[in-house]
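Following: one structure in structure tokens, then a few remarks.
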Amino acid sequence: MKRLHLERLANPQLLALAAVLLINWILFPNFFRITWQDGRLFGSAIDVLNRGAPVAILAIGMTGVIATKGVDLSVGAIMAVCGAVAATMVVAGYPTPIAVIAALGVGVVCGLWNGFLVAVLDIQPIIATLVLMVAGRGIAQLITEGYIVTFNDPTLIFIGTGSLLGFPMAAVIALVLMILVTLVVKRTAIGLFIQAIGVNRSAASLAGINSRMLLMLVYGLSGFCAAIAGILVAADIRGADANNSGLWLELDAILAVVIGGTSLLGGKFSIPLAVVGAIIIQAMNTGILVSGFRPEFNLIVKAGMIILILMLQSPLVGSAIGFFRRDDKRVVSK
Amino acid sequence: MADTHYVLEARGIMKIFGNHVALDNIDFGLKAGEVHALLGENGAGKSTLIKILTGAYQPDGGGIYVDGAQVSLDNPLHAQTFGIGTVYQEVNLLPNRSVAENLFLGHQPLRFGFVNFRKMEADARVILKNYDLNIDPSSELGSHSVAVQQIVAIARAVQLSGKVLILDEPTASLDRNEVERLFEVVLGLKARGLAIIFITHFLDQVFAISDRVTVLRNGKLIETRALDALSRTDVVRLMLGKDIAFSGATDVEPSEAPNEVLLEFKGYGRKRSVLPFDLTIHKGEVVGVAGLLGSGRTEVARIMFGADPADQGTVRVNGQPTAIRKATDAIKHGFGFCPEDRKAEGILGDLSVRENIVIALQGKLGWFKALNRDEQMEIAGRFGESMDIRAASLDMPVKLLSGGNQQKVILSRWLATDPAFLILDEPTRGIDVGAHAEIVRTINRLRDEGMAMLVISSELDEVVAYSSRIVVMRDREMVAELRGKNINPGVIVQAIANNPDEAVA
């Protein structure tokens, strides 16, 4: 059993993360230097966790969606909407908890709307979520009336920039959410049902799985995650920017999920590995930034890194190396 | 006219896929001015032959002759230049373009290099008149009924080729009036001297318009005959290869006092799918369903299970009226369903054997009463053993198993839910002999344990062997119910072929 656990650590995602961190360390020897200051940890590595949190949170919801053979393009726009809701409400004088709950509720409603289009009206997910991807920014602008709504609410700001046990709040929230969602999915039958729908929706429905309800749940969760990410981003800059909040982050989230080994064709999925994927992406971003390269390099290096990681996951390369094939050889004990 | 003059002829056609002989030395001749039905069950080689006649496939042996001269057809477009056109079951046109554009797509009348719409629509009007179609050529094709679209497709094929017309199940999605409309068109073309090949699963339609019939079975030519010398029974016998003198009386005792009634379907049906039927199913009874492919067998199974909900009629389970609108409703009442298309609707290919077996039970338990891994292993292991599922590991993806083992997995999936009523659609199709025997054994065992079953199968010997009763489907209608000691494949063949007097044994 021990051996099995060790082998499980040798998955492509963690190896890739180690490689990225190693390169960062070589290019910028101070990468892992962490200091304690004002009751919290500071350093580039901590920064990776903090900056990577929004995409990691999006990736948690996106994993479920992609596992059902869907995709959610609207999460960036939902972030903007929910950030706008939270910001305008605290500015209008509502108590912070009410504003946060309202923003989360709006995110869930947006997600359920996507779920309705996909599950009930049977619209292809890429088109169904494109609707809100486009319309969401408009809605966010209507809410903020075209301005960047800034606020000074201390509770909200604490959610974005505070710390718990020295770790940035955003990272703590992402970690807690990851653990919660993973536990729910693993401890209930929901994980199995999500996989079944992703592998073969008609067979799953014939086997008695309520695929509509499950798709609503999955898209609703994605909306909920986007709402959390939206609140975090708004709280971080102390303002809701309808135009730029969460812009293109849906693509990073999809990428994180794919790096995490969940196939766009649906089926087997892993939420923790998708979070690792998000951290890999952020580690690259931060690495390029702190090691003094021009930010323009960022996109190109990112693309090269993605190709490398995806190649490691390709069955062809995997069998050529023979190293990552770990599950086929186990013999069942009778 | 000499009988030997064929517009289109195939001699000694061979087609081999891998080491499977799809067509074995087929001779086929088509005369001008005839409607020639091409019949055979699935896998008999009909579509392979059609693909060779239209140039989509190249034969591995033999030759194709048009008006007596040997030709080689490179592709369907090339076949068109020899006058051979095809209309498929699904209309292969552009629904969002006008009727006229569809008629002339690819060879529109041009003027200064631009499409001359006025001439095109005028020409289209002339063509449509030939078919008694009074529609506006500039209207969108998709705005018309499937039947009209089908006629437009025929008109286009005739316009382009004009000598041989191949109709591949053109009536599959039409209702009765529409079929008649289509037949008028076909008979009109026949009168104009076209040679027409007609492929369908509906025997009535064969007898309604065909002059001759060619029957294929397992890639071999069985017979080409003039239809007026044949009865329906003869045709069914040719297709299924069953000798009418076959003696295979059922070994099931006809229970004079049957067990309690489990299910009562009354006037149960679905538009464009199955005509309303009445059927009562008792506990401990296997109801066999016989009928040709496309007769509505699978549709009956699907509406019973709620996969396609019924839109008329009522169902009682244990005497209680209820509604089965979707699969989960059916499962709640203890139904299980092994679909015909294992790969598309049965297995969850990438998931493990274990997950495939527990999925229906877990679906019944709901989201929160999750079976843990050990429980799953226990259930999967139990059925793996009792059903003799040959898998290297219960954790391997089910898609790596053989067809027979996949079928056992799906059967196990339902047995795990402890069903009261099991619907099996072609449970033994395409599986090896060993698995076949195992599944037949299981059906017998479950019946003896008191489970009710509905089993659809093309294997008549097999249906006879395990069924307590047999219902016969023809043209989407439940036409006969056979019971008693004297059920044998011959009787079923007669019932399929519509011989009501002889059918009641």
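The values are calculated or read from the model by the stated rules, or taken from the named source; none is laboratory data. All figures in this text were calculated on a predicted structure; none of them were measured in a lab. Here the Cβ is made from the backbone with ideal geometry for all residues, glycine too, and neighbour counts use every protein chain on show.
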Take the residues in the range B:165-195 that are surrounded by fewer than 18 Cβ atoms within 10 Å (Cβ to Cβ) and of a type in the set (S, T, N, Q); name whichever of them is farthest from B:VAL66 (Cα to Cα). B:ASN177
Going through the range A:256-269 one residue at a time, which ones are in a loop (DSSP other than H, G, I, E, B) and either in contact with a Gly (Cβ under 6 Å, 6 or more places away or on another chain) or among the basic types (Lys, Arg) (or both)? A:GLY260, A:GLY266, A:GLY267, A:LYS268
Identity of the residue in the range A:227-260, in contact with a Lys or Arg (Cβ under 9 Å, 6 or more places away or on another chain) and surrounded by fewer than 21 Cβ atoms within 10 Å (Cβ to Cβ), that ends up nearest to the other protein chains (Cβ to nearest Cβ): A:LEU247
Here is a list: B:ILE84, B:ILE52. Which entry is touching a residue at least 12 places away in the same chain (Cβ under 8 Å), under 29 Å from the mean Cα position of the chain (by Cα) and more than 24 Å from B:ALA155 (Cβ to Cβ)? B:ILE52
Looking across the range B:233-249 at residues that are over 20 Å from the mean Cα position of the chain (by Cα) and either among the hydrophobic types (A, V, I, L, M, F, W, C) or part of a strand (DSSP E or B) (or both), the single one that is modelled with the lowest pLDDT is B:PHE246
Can you run down the residue pairs with Cβ atoms below 6 Å, 6 or more apart or on separate chains, where the first is in the range A:226-255 and under 15 Å from A:ILE57 (Cα atoms) and the partner is assigned to a loop (DSSP other than H, G, I, E, B)? A:VAL233/A:SER245; A:GLU250/A:LEU73
Are any residues in the range B:67-78 touching a residue at least 40 places away in the same chain (Cβ under 8 Å) and surrounded by 14 or more Cβ atoms within 10 Å (Cβ to Cβ), and if so, which ones? B:ASP67
Which residues, taken from the range B:214-232, are closer than 16 Å to B:LEU293 by Cα, at pLDDT below 85 and not charged (D, E, K, R)? B:ASN218
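Looking at the range A:165-203, which of the residues that are of a type in the set (S, T, N, Q) and in a loop (DSSP other than H, G, I, E, B) is farthest from B:ILE357 (Cα to Cα)?
Just the residues of the range A:165-203 that are of a type in the set (S, T, N, Q), to begin with: A:182, A:188, A:195, A:200, A:202.
Right, trim to in a loop (DSSP other than H, G, I, E, B) and you get A:188, A:200.
Numbers: A:THR188: 17, A:ASN200: 15 Å.
Within the range A:165-203, the match that is farthest from B:ILE357 (Cα to Cα) is A:THR188.
Determine whether B:VAL252 is at pLDDT below 50, over 14 Å from B:GLN494 (Cβ atoms) and buried (at least 16 other Cβ atoms within 10 Å of the Cβ).
Against the criterion (at pLDDT below 50, over 14 Å from B:GLN494 (Cβ atoms) and buried (at least 16 other Cβ atoms within 10 Å of the Cβ)), B:VAL252 qualifies.
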Going through the range B:357-378 one residue at a time, which ones are within 18 Å of A:ARG187 (Cα to Cα), more than 7 Å from chain A (Cβ to nearest Cβ) and in contact (Cβ under 8 Å) with a residue 24 or more places away in the chain? B:VAL358, B:LEU361
Is it the case that some residue within the range B:468-476 is outside the structural domain of B:ARG217 (by TED's automatic domain parsing), crowded, with 22+ Cβ neighbours inside 10 Å, in contact with a Phe, Trp or Tyr (Cβ under 7 Å, 6 or more places away or on another chain) and modelled with pLDDT of 85 or more? no
Just give me the residues in the range B:372-429 being among the polar types (S, T, N, Q), within 33 Å of the chain's Cα centre (by Cα) and more than 15 Å from A:ALA207 (Cα to Cα), in sequence order. B:SER386, B:SER402, B:ASN405, B:THR428
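Evaluate the range B:484-501: report whether one residue or more is modelled with pLDDT of 85 or more and within 22 Å of B:VAL261 (Cα to Cα). Steps first, answer last, please.
Step one: filter the range B:484-501 for residues modelled with pLDDT of 85 or more, giving none.
Among the residues of the range B:484-501, not one is modelled with pLDDT of 85 or more and within 22 Å of B:VAL261 (Cα to Cα), which makes the answer no.
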Does at least one position in the range B:159-173 carry a residue that is small (Gly, Ala, Ser) and closer than 17 Å to B:ALA37 by Cβ? yes
Please specify each residue of the range B:92-107 satisfying the condition of being under 15 Å from B:SER145 (Cα atoms) and charged (D, E, K, R). B:ARG97
Going by what's in this entry, would B:THR314 be described as over 29 Å from A:PHE269 (Cβ atoms) and not in a loop (DSSP other than H, G, I, E, B)? yes
Here is a check on your reading of the model: is B:ILE324 within 7 Å of another protein chain (Cβ to nearest Cβ) and at pLDDT 90 or above? no
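Taking the range B:337-356 as the region of interest, how many residues are of a type in the set (D, E, K, R), part of a helix (DSSP H, G or I) and more than 7 Å from every other protein chain (Cβ to nearest Cβ)? If you could, list the steps in order and put the result at the bottom.
Start the filter on the range B:337-356 by keeping residues that are of a type in the set (D, E, K, R), which leaves B:340-343, B:345, B:350, B:354-355.
Narrowing further to those that are part of a helix (DSSP H, G or I): B:342-343, B:345, B:354-355.
Now restrict to residues that are more than 7 Å from every other protein chain (Cβ to nearest Cβ): B:342-343, B:354.
Number of matching residues: 3.
Residues checked against (1) in a strand (DSSP E or B); (2) aromatic (Phe, Trp, Tyr):
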| residue | (1), (2) |
| --- | --- |
| B:HIS5 | no, no |
| B:LYS15 | yes, no |
| B:ASP27 | yes, no |
| B:GLY33 | no, no |
| B:ALA37 | yes, no |
| B:THR48 | no, no |
| B:TYR65 | yes, yes |
| B:LEU73 | no, no |
| B:GLY85 | yes, no |
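So that you can scan it fast, the table gives a plain yes or no per residue for (1) farther than 13 Å from A:VAL258 by Cα; (2) part of a helix (DSSP H, G or I); (3) modelled with pLDDT under 85:
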| position | (1), (2), (3) |
| --- | --- |
| A:LEU17 | yes, yes, no |
| A:VAL20 | yes, yes, yes |
| A:ILE26 | yes, yes, no |
| A:ILE46 | yes, yes, no |
| A:ASN50 | yes, yes, no |
| A:ALA56 | no, yes, no |
| A:ILE60 | no, yes, no |
| A:VAL65 | no, yes, no |
Please find, among A:SER222, A:SER211, A:SER202, the residue that is free of Cβ contacts under 8 Å to residues at least 12 places away in the same chain and either within 13 Å of chain B (Cβ to nearest Cβ) or under 23 Å from A:GLY107 (Cα atoms) (or both). A:SER202
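Mind checking which residues of the range B:192-223 are assigned to a strand (DSSP E or B), within 15 Å of B:MET239 (Cα to Cα) and either not assigned by TED's automatic domain parsing to the domain that holds B:MET14 or not aliphatic (A, V, I, L, M) (or both)?
Initially, the range B:192-223 is screened for residues assigned to a strand (DSSP E or B), giving B:195-199, B:212-217, B:220-223.
Filter once more, keeping what is within 15 Å of B:MET239 (Cα to Cα): B:199, B:212-217, B:220-223.
Hits for the range B:192-223 are B:ARG212, B:THR214, B:ARG217, B:LYS220, B:GLU223.
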